[in-house]
Amino acid sequence: MTDPAADEARKLGTFGGVFTPSLLTILGLVLFLRLGFVTGNVGLGQMLLILVLATSVSILTTMSLAAIATNLRVGVGGIYFLISRTLGPAFGGAIGLVLYLSIAVSVAFYAIGFGEAVAGIVDVEARLVAAGLVVALLGLAWLGADIATRLQYVVMVLLVAAIVGYFAGVVPDLDPGLLSDNFGRPSDGDAFWVAFALFFPAITGFTQGVAMSGDLKTPSRSITVGTFGAIGVSTVVYLAVIITLAMAVPLTALQDDTSIMRELSVSPVVIDVGVIAATLSSAIASMLGAPRTLQRLARDRLIGPLRPFAVGAGADDNPRRAVVLTAVIALGTVAAGDLDVIAPIISMFFLASYGMINFATYTEARAANTSFRPTFRFFDWRLSLLGASACLGAIVAIDPIAGVVAGLALFGLYRYLRTSVDQARWTDSSRGVHLSQVRSHLLALGSDRHADREWRPFTVVFVPRDPRRRMQLINVAAWLDGGAGFTTAARIVAGRGPVARKHATRVELEFQRELAGAGLPVHGRVLLANDREAGVTAMLQAHGLGVLIPNIALFGWYDDARTDRMDGHDFPAMLQSAVRFGCNTAVLHANSRGWERSGSARREEPVIAVWWSDDRTGQLLTLLAWMCTRGPVWGDAVIEVRVRNVETDHVRRLVDDARIPARVVDADGAVGFVEAMADADLVFAPLRLRRGAALGPGDVGLDDLVPQLDLAVFAHAADQVELDIQPDEGGVAALAEARDRAAETAERATELDRTASARMVEAEMLRMDYEANGHAPDDRLMEATDAATSAHRAYLDARSRADEALRLVRELDPADATDDLDTGLWVPAPTEKDER
């Protein structure tokens with residue numbers, strides 16, 4: 001909801017709030033004191049190119065601004081607000097602080113220009129005049145934006161008079177013949193990008209109206225119309241002044257005289273007044289815009305020391321504290337610099353800001369968020385990308401070293417804000433970017449779910465109601481994740497009907513809060529089902545997206561044998577359901593002593609012991625043990641593969657080929673499984689499901705084994721997991737080879753089909769000729785018939801091979817099937833009533 005009182009306080013319209021401050025800042029100091037100087041140093045041709053490049057940056061950036069401004073309600077803070085609400089707090093905070101400092105320094109830039117103009121008329125110290133102006137602006141901004149805006153109308157009248165006076169005075173001096181002489185760059189002129197850096201601050205004023213967004217009646221419309229209007233008018237003025245200067249004055253005179261417009265004007269006093277008016281208006285606009293950027297930045301509470309500047313005063317929420325800080329920065333800059341030193345610095349940081357505006361809009365558009373619906377009709381994400389690239393290129397061209405320093409400063413501030421500030425402070429496009437990337441990556445992965453070399457755990461851990469055991473299971477799932485997998489903690493709520501749905505919603509909320517507090521890389525799901533077994537079945541079938549489907553189901557075992565039925569439901573049946581759906585199944589047992597050994601009471605060199613099973617389960621166990629060592633909890637652990645009744649050399653070769661750092665230990669001398677594994681801190685052992693019972697090594701029931709172990713994971717491999725898969729092995733390689741073979745055999749069958757058809761036609765034509773002429777069959781006809789028969793047999797054989805190759809492809813990847821769908825697959829299965 002918007003505050004009606006705040007809306008009433010925003011009294012500025014398009015002309016007064018955007019067009020006027022933007023135009024007055026663009027037609028400012030550079031126009032009267034530096035435009036002739038820059039033109040004289042690079043010539044008319046390069047000066048026109050500089051104007052085109054600078055104007056292109058402003059137009060592209062304004063198009064990006066228009067897209068964002070017409071897509072959301074623009075609040076106080078202008079450019080900072082737009083960037084932060086699009087790219088998030090870290091990007092927004094980094095750019096916002098730099099942008100504020102740039103605008104604050106701009107106040108000094110224009111104040112020094114004002115001082116130079118006054119010093120040219122009166123014999124005074126330019127810096128003292130500049131400092132006095134900053135103090136005067138402090139008082140003006142203290143009173144509020146409305147008073148300063150009314151003063152800008154007076155300044156605009158004086159500025160228009162100065163421009164008209166110049167054109168009226170320069171007309172008698174115009175000489176078209178000078179255009180060709182002044183077109184090229186003089187031999188002693190400045191480099192192109194040096195001149196660009198001196199000129200670029202002229203066009204930075206186009207964002208002054210955006211900085212006043214909090215004081216606008218209709219920000220989205222005013223920013224778009226007012227900014228484009230200011231750019232259009234100012235570009236025409238600059239173009240006209242550049243051409244008339246080149247037609248009236250030789251380049252050498254332009255190089256030596258920074259006040260050439262004053263000399264050409266019909267009245268030098270009018271130009272003096274215009275320069276004073278232009279610099280004054282630009283300084284006023286910057287003094288109004290910078291504090292509002294800082295105020296918004298402070299209110300977002302991103303940088304602690306800036307929070308006092310969030311306070312506003314009066315009905316228009318005037319940021320007086322920020323006004324004082326801006327004046328202090330401007331005074332310090334006035335004391336330290338001059339125009340030619342400050343101009344490139346301002347250019348660098350404004351270019352960085354404009355680049356981020358374009359990048360923010362590009363990001364918003366490419367994220368394909370459904371909420372991105374700008375009403376600005378001429379927006380195209382390619383233009384935003386072009387604008388960002390142009391800004392980056394200009395930064396590098398102007399001063400690569402300064403560009404790198406500025407980039408490092410922005411990156412350092414970004415990293416600080418990224419780690420120190422809660423990134424979920426408001427809705428931005430970053431989530432949409434991730435969703436867009438997820439979509440693209442899932443589509444790129446295709447439908448192949450058997451890329452063995454890229455196998456990683458996608459675990460669904462079924463957690464109980466008990467909070468302590470629940471967190472134990474989730475932590476173990478995070479161990480198995482190894483920083484590479486995907487883990488979902490699933491709570492199954494048994495029941496049906498509206499009461500059960502309401503209860504499940506409440507459980508979902510509490511569960512998400514619990515997981516958020518744990519800080520583990522785990523997602524939470526709450527599933528409502530008729531019973532827990534049905535919930536397990538539904539979860540394993542429906543969970544996931546594309547190729548990301550569960551491949552490990554993790555359950556918890558309990559110390560108390562009376563509770564191992566999970567509230568009366570058949571626990572082994574749940575395990576069996578997971579296996580039947582092709583999901584590797586694991587069971588965790590942990591008592592208090594085992595949990596302490598994984599934490600505070602751990603040894604200096606913890607041991608993860610794997611009880612080897614010479615099948616795919618043994619390979620799965622070894623891989624899961626290694627995944628645990630990729631995380632911080634077991635990163636210093638030693639893996640021991642303990643082998644019994646199997647050749648240790650065979651297992652050692654498997655482990656070594658798989659590049660898993662594990663010791664292979666002969667356990668034949670041990671009395672039994674429990675005795676062999678008792679000294680381990682974490683145990684991995686095979687699980688078997690037989691006749692409704694969960695069995696461990698030696699076909700001993702888990703209810704007999706787990707009381708003798710502290711921390712153990714029992715697992716059964718329902719799917720093939722290979723320890724050592726090379727790039728040209730595994731499902732992907734097999735599928736590629738099958739496709740190649742299918743293509744080759746199909747091509748061979750096609751060739752033989754053509755050959756057989758030709759031979760059969762040849763034999764039939766010969767037979768018909770014999771019959772027409774009354775000739776009896778001879779050896780020639782018999783040979784032709786035999787050749788046709790052999791060719792047909794060869795074709796049938798090749799066709800059979802091609803069909804077999806295609807069948808193998810479809811077996812490896814059902815998505816390759818091209819047959820018509822069997823509509824009977826979608827017909828409900830017959831019930832007993834139907835059969836009767």
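The values are calculated or read from the model by the stated rules, or taken from the named source; none is laboratory data. All values reported here derive from a predicted model rather than from experimental measurement. Note that we place each Cβ from the backbone using ideal geometry, even for glycine, and neighbour counts take in every protein chain shown. For accessibility, only protein heavy atoms count, side chains too; no ligands or nucleic acids. Shrake-Rupley method; radii C 1.70, N 1.55, O 1.52, S 1.80 Å.
Would you be able to tell me the number of residues in the stretch 177-199 that are of a type in the set (S, T, N, Q) and within 15 Å of THR252 (Cβ to Cβ)?
Quick first cut of the stretch 177-199, residues of a type in the set (S, T, N, Q) only: 180, 182, 187.
Imposing the further condition that a residue be within 15 Å of THR252 (Cβ to Cβ) reduces the set to 182, 187.
Looking only at that region, the number is 2.
Would it be correct to say that VAL269 is of a type outside the set (Gly, Ala, Ser), surrounded by fewer than 24 Cβ atoms within 10 Å (Cβ to Cβ), in a helix (DSSP H, G or I) and without any contact (Cβ under 8 Å) to a residue 60 or more places away in the chain? First the steps, then the outcome.
Numbers: of a type outside the set (Gly, Ala, Ser): yes; surrounded by fewer than 24 Cβ atoms within 10 Å (Cβ to Cβ): yes; in a helix (DSSP H, G or I): yes; without any contact (Cβ under 8 Å) to a residue 60 or more places away in the chain: yes.
Yes; evaluated as a whole, the condition is true for this residue.
For residues that are in contact (Cβ under 8 Å) with a residue 60 or more places away in the chain and either over 37 Å from the mean Cα position of the chain (by Cα) or within 13 Å of VAL633 (Cβ to Cβ) (or both), tally how many sit in the stretch 588-612. Talk me through it step by step, then tell me what you get.
To start, the set of residues in the stretch 588-612 that are in contact (Cβ under 8 Å) with a residue 60 or more places away in the chain comprises 588-591, 593-595, 597-598, 602-603, 606-611.
Those still in the list that are either over 37 Å from the mean Cα position of the chain (by Cα) or within 13 Å of VAL633 (Cβ to Cβ) (or both) too: 589-591, 593-595, 597-598, 602-603, 606-611.
Qualifying residue count, the stretch 588-612: 16.
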Check your understanding: Can you find a residue in the stretch 317-333 that is open to solvent by 30 Å² or more (accessible area, probe 1.4 Å), at pLDDT below 85, touching a Leu at 6+ places or on another chain (Cβ under 9 Å) and assigned to a helix (DSSP H, G or I)?
Key -> no
Revision key, fill the gap. In the stretch 463-510, residues that are open to solvent by less than 40 Å² (accessible area, probe 1.4 Å), part of a loop (DSSP other than H, G, I, E, B) and touching a residue at least 24 places away in the same chain (Cβ under 8 Å) total 6
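Here's the yes/no breakdown for (1) open to solvent by 30 Å² or more (accessible area, probe 1.4 Å); (2) among the polar types (S, T, N, Q); (3) more than 23 Å from ASP704 (Cβ to Cβ); (4) modelled with pLDDT of 85 or more:
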| residue | (1), (2), (3), (4) |
| --- | --- |
| ASP560 | yes, no, no, no |
| PHE571 | no, no, no, no |
| GLN576 | yes, yes, no, yes |
| CYS583 | no, no, yes, yes |
| ALA590 | no, no, no, yes |
Exercise for review: Mind counting the residues in the stretch 295-318 that are touching a Phe, Trp or Tyr at 6+ places or on another chain (Cβ under 7 Å) and not aliphatic (A, V, I, L, M)?
Suggested key: 2
**Study point:** The one condition in (1) over 42 Å from the mean Cα position of the chain (by Cα); (2) open to solvent by 50 Å² or more (accessible area, probe 1.4 Å) that LEU159 fails to fulfil
**Key:** (2)
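For SER187, are the conditions met, namely being open to solvent by less than 70 Å² (accessible area, probe 1.4 Å) and hydroxyl-bearing (Ser, Thr, Tyr)? Please lay out each step first, then the result.
Details: open to solvent by less than 70 Å² (accessible area, probe 1.4 Å): no; hydroxyl-bearing (Ser, Thr, Tyr): yes.
No, not satisfied.
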Check your understanding: In the stretch 317-335, is there at least one residue being over 23 Å from SER106 (Cα atoms) and more than 36 Å from the chain's Cα centre (by Cα)?
Key -> no
Check your understanding: Among LEU654, LEU623, which is the only one that is out of contact with any Ser or Thr (no Cβ under 7 Å at 6 or more places or on another chain) and either in a loop (DSSP other than H, G, I, E, B) or at pLDDT 90 or above (or both)?
Key -> LEU623
Exercise for review: Keeping to the stretch 254-266, report how many residues are touching a helix residue (DSSP H, G or I) at 6+ places or on another chain (Cβ under 7 Å) and either assigned to a helix (DSSP H, G or I) or modelled with pLDDT of 90 or more (or both).
Suggested key: 8
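From the list VAL74, VAL38, which one is within 21 Å of SER234 (Cβ to Cβ), open to solvent by less than 10 Å² (accessible area, probe 1.4 Å) and either basic (Lys, Arg) or in contact (Cβ under 8 Å) with a residue 12 or more places away in the chain (or both)?
Values: VAL74 fails: within 21 Å of SER234 (Cβ to Cβ).
Step by step, each of VAL74, VAL38 is checked, and only VAL38 is within 21 Å of SER234 (Cβ to Cβ), open to solvent by less than 10 Å² (accessible area, probe 1.4 Å) and either basic (Lys, Arg) or in contact (Cβ under 8 Å) with a residue 12 or more places away in the chain (or both).
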Practice item. Name every residue in the stretch 282-316 that is in a helix (DSSP H, G or I) and among the aliphatic types (A, V, I, L, M), in order of residue number. Key: ALA283, ILE284, ALA285, MET287, LEU288, ALA290, LEU294, LEU297, ALA298, LEU306, ALA310
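Return the residues of the stretch 675-709 that are closer than 18 Å to THR585 by Cα, assigned to a helix (DSSP H, G or I) and touching a residue at least 24 places away in the same chain (Cβ under 8 Å); say none if nothing qualifies. First the steps, then the outcome.
Within the stretch 675-709, the subset closer than 18 Å to THR585 by Cα is 682-697, 699-703, 705-706.
When the remaining residues are screened for being assigned to a helix (DSSP H, G or I), the result is 697, 699, 702-703, 705-706.
Passing the criteria: PRO697, LEU702, ASP703, LEU705, VAL706.
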**Study point:** Residue, surrounded by the most Cβ atoms within 10 Å (Cβ to Cβ), within the stretch 610-620, restricted to residues that are touching a strand residue (DSSP E or B) at 6+ places or on another chain (Cβ under 8 Å) and in a helix (DSSP H, G or I)
**Key:** LEU620
Check your understanding: Got a number for residues in the stretch 633-682 being exposed (fewer than 15 other Cβ atoms within 10 Å of the Cβ) and aromatic (Phe, Trp, Tyr)?
Key -> 0
Check your understanding: How many of the residues in the stretch 703-725 are open to solvent by 50 Å² or more (accessible area, probe 1.4 Å) and either modelled with pLDDT of 80 or more or closer than 19 Å to GLN576 by Cβ (or both)?
Key -> 5
